[in-house]
1. Taking interchain pairs and intrachain pairs at least six residues apart, which have beta carbon atoms under 6 angstrom, with the first residue in segment 11-38 and more than 12 Å from P55 (Cα to Cα) and the second surrounded by 13 or more Cβ atoms within 10 Å (Cβ to Cβ) and of a type in the set (F, W, Y)?
2. Can you pull out every residue in segment 55-72 that is modelled with pLDDT of 95 or more and among the polar types (S, T, N, Q)?
3. Could you check segment 48-66 and list, in sequence order, the residues that are outside any loop (DSSP other than H, G, I, E, B) and out of contact with any Cys (no Cβ under 6 Å at 6 or more places or on another chain)?
4. From the set of residues in segment 5-47 that are in contact with a Leu (Cβ under 9 Å, 6 or more places away or on another chain) and in a loop (DSSP other than H, G, I, E, B), which is nearest to V59 (Cα to Cα)?
5. May I ask you to verify whether R68 is without any contact (Cβ under 8 Å) to a residue 40 or more places away in the chain, under 16 Å from M10 (Cα atoms) and surrounded by fewer than 13 Cβ atoms within 10 Å (Cβ to Cβ)?
6. Tally time: how many residues in segment 1-40 are within 16 Å of T69 (Cβ to Cβ) and among the hydrophobic types (A, V, I, L, M, F, W, C)?
7. Looking at segment 34-55 only, could you name the residues that are touching a Gly at 6+ places or on another chain (Cβ under 9 Å) and loosely packed, with under 10 Cβ neighbours inside 10 Å?
Amino acid sequence: MAVSYQLLEMLCASHAPVIVSEPAMVDVLRSYVSAGLVEATIPPAVNARGTTTQPPAIVTRITRTGHRTVGRLRKRSSWPV
C-alpha cells in the first residue's frame, strides 16, 4: 500500500504541536510514526456502544528523516508545487 506524503508536507510547513482529527489522516499518521518520519501521540480508538471513534492525534515533532523525505519528494518533477 502506497503512503501519501501530502499530510507530511503539510506537517512540515506547520508549527508543532499539530492536532490531526480526521480518522483517515490519523491512520496515515500511524504509518509516518512507524517509518520514523514524525513523533506523535496517537490514542487508541474507542469502541462505545458498537461505534468506534478515533480521538485526535497530536504531532509533536517532524523528525530529520521526515524533513529529508519531503525535501527529496519536492525535488521530483512529479511533486506538485
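The values are calculated or read from the model by the stated rules, or taken from the named source; none is laboratory data. What you see is a predicted model, and the numbers here were worked out from it, not measured in a lab. Glycine gets a Cβ as well: all are built from the backbone with ideal geometry, and neighbour counts include every protein chain shown.
1. V38/Y32
2. Selection gives T60, T63, T65.
3. If the condition is that a residue be outside any loop (DSSP other than H, G, I, E, B) and out of contact with any Cys (no Cβ under 6 Å at 6 or more places or on another chain), then A48, T51, T52, T53, A57, I58, V59, T60, R61, R64, T65, G66 are the ones that fit.
4. I42
5. It is true that R68 is without any contact (Cβ under 8 Å) to a residue 40 or more places away in the chain, under 16 Å from M10 (Cα atoms) and surrounded by fewer than 13 Cβ atoms within 10 Å (Cβ to Cβ).
6. Residues flagged as within 16 Å of T69 (Cβ to Cβ) and among the hydrophobic types (A, V, I, L, M, F, W, C) within segment 1-40 amount to 15.
7. Those that are touching a Gly at 6+ places or on another chain (Cβ under 9 Å) and loosely packed, with under 10 Cβ neighbours inside 10 Å: none in segment 34-55.
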